[in-house]
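The values are calculated or read from the model by the stated rules, or taken from the named source; none is laboratory data. Quantities reported herein were computed from a predicted structural model and do not represent experimental measurements. Cβ placement follows ideal geometry from the backbone for every residue including glycine, while neighbour counts extend to all protein chains displayed. Note: areas computed on protein heavy atoms with side chains; ligands, DNA, RNA excluded. Shrake-Rupley method; radii C 1.70, N 1.55, O 1.52, S 1.80 Å.
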Amino acid sequence: MKKINNSVLALALFVGIANTNAQEKKTLTLDEAVQLGIQNSKNLKIDAAKIEEATADLLEAKNRQLPDLKVSGSYMYLPIKPTVNIKLPGVSGAGGPEVHQVAYGSVNLSVPIYSGGRIKYGIQSAKYLVEASKLSTENDKIAIAYNVAQAYNNLFKANQSIKVLEENLTASQKRDETFLKLENNGVIARNDRLKANLQTSNIELQLLEAKNNYNIANINMDLLLGIPETTEIEVDQNYIDEGSDVKPVDFYVNEAKDNRKDLQALGKQREAAALGTKAAKAENLPSIAFTGGYVAADIPKFLTIYNAVNVGIGVSYNLSNIWKENSSYKQSQAREKQLSASNELLNDNIKLDVNREYQNTDYSKKRITVFEKSAEQANENYRITKNKYDNGLATMTELLDADAAQIAANVGVINAKADAALAYRKLLQTTGTLTIK
């Protein structure tokens, strides 16, 4: 029996140690969290593949300006004697040679000289599309930086709410112990003591909800950063001091025009589309290339050819262009119009976004002042009410209401500061200037 108890104790200790090790704690600043989020982002891996695809398209466009060199050869065995009738004057083809095999080989070279600009425009267009892909990636990085900041902010607020509620729960439980003694001594009524117990229970419920929100926020943060879901992240609250110096709204509108990566990417797409239109128009022009070749053939007992070298100029023109409309040209023009309209729409949306987030930032900063004032009032109100209650001038209900208002006000100050810091980051995101350190 003793051995069994020892085994159970050892197993319990092992499980306890395993559970302790399973929950890893990791302290991260906001900037460190942003770096992790960018490093492990699935979206950015997709963007990297898109850049590789655009780069491959550029390589394909460049390859079109290089010479084409083709080598071909064949060998044929003829099991049945072919009929060979030579029609050359003075040469008799009667009977003909016995031909059973044929060998043939050729080398052909083609160097593009003129293609109406299709090759040149194709290369330039592909370069712009590579740049557009890279700019889109930078824009996604900024969006990810804000998403991480938002998740970090939610985690911070949940953690701070837990701290405030735990402090108030401890104070409320001590008050319950005091009230129980007062009730036992006949100083207060049982009903007043039960009201205090109910207040404690409400705080416990709020604390449970806050911890649940924290756990959800922590798991969301782990997934966003690409780290194990069992990692408990400890935040650094220094980030809430950001955004103390906010400039006029026109400054941020101009910053957005100069720095928005999605606007720059759209600009590159428009330049690529304009070149695409030129390339499509050039489809109606002829192509000229330098050509060269070498041919060798061997038909035993009949014909041998070698050193058959040829050079020349090749011209290619599709005569059907005379009566067929250039659909590629019309499609490219339509594409240009779409991108132009998208550019105007994006500029309008940028102005709206910047102005909206500027107002939100201003509103968030003003909320801090209001909440701080409310917290001062709530704390002073609780002090006065507590003093009155101790002197029999206030009811238990008034005391508990004052305590609840004090908790809400203090949590509100912390949340307001965190929301203001996040609102400022959102403003920077809309201007394309959110720093990724």
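Amide H contacts under 5 Å for residue 188: 183, restricted to partners 5 or more places along the chain or on a different chain, H placed in the peptide plane at 1.01 Å from N. Extending 7 Å from Cα along the Cβ direction at residue 352 and again at residue 101 yields two label points whose distance is 7.8 nm. Mind telling me which of 99, 309, 249 comes out most flexible in a GNM of the chain, alpha-carbon contacts under 10 Å? Among 99, 309, 249, the largest GNM mean-square fluctuation belongs to 99. Spatially close Lys pairs in the range 103-230, defined by Cα atoms under 27 Å apart and a spacing of eight or more places or different chains, total 12. The slack between residue 31 and residue 341, meaning 0.36 nm per residue of separation minus the straight C-alpha distance, is 107.9 nm. Give the label of the value calculated from the structure for P(r) over Cα pairs in 20 Å bins from 0, in percent, choosing from (1) 24, 50, 21, 4, 0; (2) 16, 29, 24, 16, 10, 4, 1, 0; (3) 24, 56, 20, 0. It is the value labelled (2). The 3J(HN,Hα) values that the Karplus relation (6.51, -1.76, 1.60; θ = phi - 60°) gives for the range 123-137 are, in residue order, 5, 5, 5, 5, 4, 5, 6, 5, 4, 4, 5, 5, 5, 4, 5 Hz. Gly and Pro appear as x. For the chain, modelled as a GNM whose springs connect Cα atoms under 10 angstrom apart, the maximal fluctuation among 405, 189, 132 occurs at 189.
Could you work out what % of the accessible surface of the chain is carbon and sulfur, using a 1.4 angstrom probe and leaving DNA, RNA and ligands out of the count?
Values: 14310 of 26370 Å².
Carbon-and-sulfur percentage of accessible area, whole number: 54.
Are there GluC sites (Glu not before Pro) in the range 97-163 that DSSP puts in a loop and that have at most 16 other Cβ atoms within 10 Å, and which ones? Listed in order of number, the matching sites are 98. The distance between label points at residue 113 and residue 171 comes to 9.3 nm (points 7 Å beyond Cα on the Cα→Cβ vector). Rounded to whole Å, give me the distance from the Cα center of the range 380-437 to that of the range 108-138. After rounding, the separation between the Cα centres reads 59 Å.
By the helix-only formula, in which each DSSP H run with n ≥ 4 contributes -39500 (n - 2.57) and the sum is divided by residues, the chain has a 222 nm mean residue ellipticity of -24000 deg cm²/dmol. Annotation: amide H-H contacts under 5 Å for residue 233 (H modelled 1.01 Å from N, sequence separation of 5 or more, or interchain): 26. Relative protection proxy for 360-368, 266-274, 287-295, 386-394, from highest mean packing down: 266-274, 360-368, 287-295, 386-394 (other beta-carbon atoms within 10 angstrom). Residues of the range 222-263 with the amide nitrogen closer than 17 Å to a label point 7 Å from the Cα of residue 163, along Cα-to-Cβ, please. Those under the cut-off are 233-242.
Note that the range 302-437 presents 61 Å² accessible area per residue, ligands and nucleic acids not counted, probe 1.4 Å.
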